[in-house]
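Asker: Submitted below is the structure of interest, expressed as structure tokens.
The values are calculated or read from the model by the stated rules, or taken from the named source; none is laboratory data. As the structure is a prediction and not an experimental result, all values here were calculated from the model. No Cβ is skipped: glycine too gets one built from the backbone with ideal geometry, and neighbour counts run over all protein chains shown. In case anyone asks, the SASA skips ligands and DNA or RNA and just uses the protein heavy atoms, side chains included. Shrake-Rupley method; radii C 1.70, N 1.55, O 1.52, S 1.80 Å.
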Amino acid sequence: MLTEDEKGFVAWWEENRLRRKKILKQLAIGMPLGVLIAAATGINYFSGWYTRANMELRVSSSGVLVVLAGLLLIVIFVIIFSARHKWEMNEQHYQELISKSKDS
């Protein structure tokens, strides 16, 4: 027998599961974490505390482009990974609850 919270989750997930799988929704879910990681990395790189990185930055300006491209790739990866992981966790929980309700 399912509790009221579990029944609420099952009803909510049945209604929202396809909507949560769309790309734009995934962007909204993972964007804050991805931007936070990229911002921390960018601040670390451009702050100048690591003198070797500072010297490399001054020698070649293409290093900035490489860092920015890397930060963009980090943001995209984190967005997609975190959104899909969250969707999979909800789907697994949903399947477990459906199985539990059929057994009862």
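Asker: Please work out which residue is modelled with the highest pLDDT, limiting yourself to the stretch 1-33 and to residues that are open to solvent by less than 90 Å² (accessible area, probe 1.4 Å) and not in a helix (DSSP H, G or I).
Answerer: Thr3
Asker: Ok, one more. Does Phe81 satisfy the criteria of being in a helix (DSSP H, G or I) and either over 24 Å from the mean Cα position of the chain (by Cα) or touching a residue at least 60 places away in the same chain (Cβ under 8 Å) (or both)?
Answerer: Details: in a helix (DSSP H, G or I): yes; either over 24 Å from the mean Cα position of the chain (by Cα) or touching a residue at least 60 places away in the same chain (Cβ under 8 Å) (or both): no.
No: the conditions fail for Phe81.
Asker: From the residues in the stretch 34-45 that are more than 17 Å from Ser82 (Cβ to Cβ) and of a type outside the set (Val, Ile, Thr), which one is least open to solvent (accessible area, probe 1.4 Å)?
Answerer: Gly42
Asker: Report yes if Ile37 is more than 17 Å from the chain's Cα centre (by Cα), over 17 Å from Glu91 (Cα atoms) and among the β-branched types (Val, Ile, Thr), otherwise no.
Answerer: Judged against the criteria, Ile37 is not a match.
Asker: Moving to a separate point now. Could you please let me know if Val67 is hydrophobic (A, V, I, L, M, F, W, C) and touching a Phe, Trp or Tyr at 6+ places or on another chain (Cβ under 8 Å)? Quick ask: steps written out before the conclusion?
Answerer: On the way: hydrophobic (A, V, I, L, M, F, W, C): yes; touching a Phe, Trp or Tyr at 6+ places or on another chain (Cβ under 8 Å): yes.
Taking the combined requirement at face value, the residue satisfies it.
Asker: Spot the failing condition for Asn54; the list is (1) touching a Leu at 6+ places or on another chain (Cβ under 8 Å); (2) open to solvent by less than 50 Å² (accessible area, probe 1.4 Å), and only one is missed.
Answerer: Only one criterion is unmet by Asn54, namely (1).
Asker: Let me ask another. Could you tell me whether Leu57 is at pLDDT 85 or above and part of a helix (DSSP H, G or I)? I'd like the intermediate steps shown before the answer.
Answerer: On the way: at pLDDT 85 or above: no; part of a helix (DSSP H, G or I): yes.
No: the conditions fail for Leu57.
Asker: Here's another thing I want to ask about it. Give all pairs with beta carbons closer than 9 Å in which a residue from the stretch 1-26 that is touching a residue at least 40 places away in the same chain (Cβ under 8 Å) and more than 14 Å from Lys86 (Cβ to Cβ) meets a residue that is loosely packed, with under 12 Cβ neighbours inside 10 Å and of a type in the set (S, T, N, Q); count only pairs at least 6 apart in sequence or on separate chains.
Answerer: Going by the 9 Å Cβ cut-off, the qualifying pairs are Met1/Ser104; Leu2/Ser104.
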